[in-house]
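The values are calculated or read from the model by the stated rules, or taken from the named source; none is laboratory data. All values derive from a computational prediction rather than experimental measurement. Cβ placement follows ideal geometry from the backbone for every residue including glycine, while neighbour counts extend to all protein chains displayed. Surface accessibility is based on the protein's heavy atoms, side chains included, excluding ligands, DNA and RNA. Shrake-Rupley method; radii C 1.70, N 1.55, O 1.52, S 1.80 Å.
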Amino acid sequence: MSSTPEELPSTTPNAPVLYEERLWPSFWVWVIAAGFSAATIVMFAPISLEVAYAVAVVTAVVVFTLLFLSTPRIEVTAQTLRVGRARIERKYLGEVSWFSGEDATYQRGRGLNGLAYLCIRGWISPVVRVEVTDPEDRTPYWLTSSRTPERLAAALTA
């Protein structure tokens, strides 16, 4: 299979990165996380204000850490494409196309193949679709969110 990290040759640490992006949560996601953490004060205030504030701080640390750690990275080098935890050699990549607006909504919804590899985030509308040409891989394509889909597509087709 082409998309399992164990079977790929290790890339040299000095391999030039042609494109890199982190799919960070949007500002409003961080605001919701902060609001959720603050809401715990209301739940624990009847017990004690000190406990309520302590729970709010612990909740904020946990939620923000989880958001930070779950943020996938997209990286394109001359040899590989890495999206989240998955990697694939570029020799197995076919047609690359990007979509925004209603076309992106269609790609993430009704137009989605159930066997596709997905790394999409609801707070990032544009998506990039990368065809997989490896005959041993059942995955027809990868679909990933990107804030700069035209740059990602250009890096993959260069």
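Before moving on, here are some points about what is shown:
- PRO72 vs. criteria modelled with pLDDT of 95 or more and not small (Gly, Ala, Ser): yes
- For the range 126-133, the condition of being farther than 17 Å from ARG147 by Cα, β-branched (Val, Ile, Thr) and either surrounded by fewer than 18 Cβ atoms within 10 Å (Cβ to Cβ) or free of Cβ contacts under 8 Å to residues at least 40 places away in the same chain (or both) holds for at least one residue.
- Selection from the range 42-54 of residues that are open to solvent by 40 Å² or more (accessible area, probe 1.4 Å) and in a helix (DSSP H, G or I): VAL42, MET43, PHE44, LEU49, GLU50, VAL51, TYR53, ALA54
- Within the range 120-135, the set of residues being assigned to a loop (DSSP other than H, G, I, E, B) and not hydrophobic (A, V, I, L, M, F, W, C) comprises ARG121, GLY122, SER125, PRO126, THR133, ASP134, PRO135.
- Scanning the range 55-102 for residues that are assigned to a helix (DSSP H, G or I), free of Cβ contacts under 8 Å to residues at least 40 places away in the same chain and crowded, with 16+ Cβ neighbours inside 10 Å returns VAL55, ALA56, THR59, ALA60, VAL63.
- Looking across the range 106-125, the residues that are open to solvent by less than 50 Å² (accessible area, probe 1.4 Å) and touching a residue at least 60 places away in the same chain (Cβ under 8 Å) come down to CYS119, ILE124.
- Filtered residues of the range 17-41 (kept if among the β-branched types (Val, Ile, Thr), in contact with a helix residue (DSSP H, G or I) (Cβ under 8 Å, 6 or more places away or on another chain) and open to solvent by 30 Å² or more (accessible area, probe 1.4 Å)): ILE41
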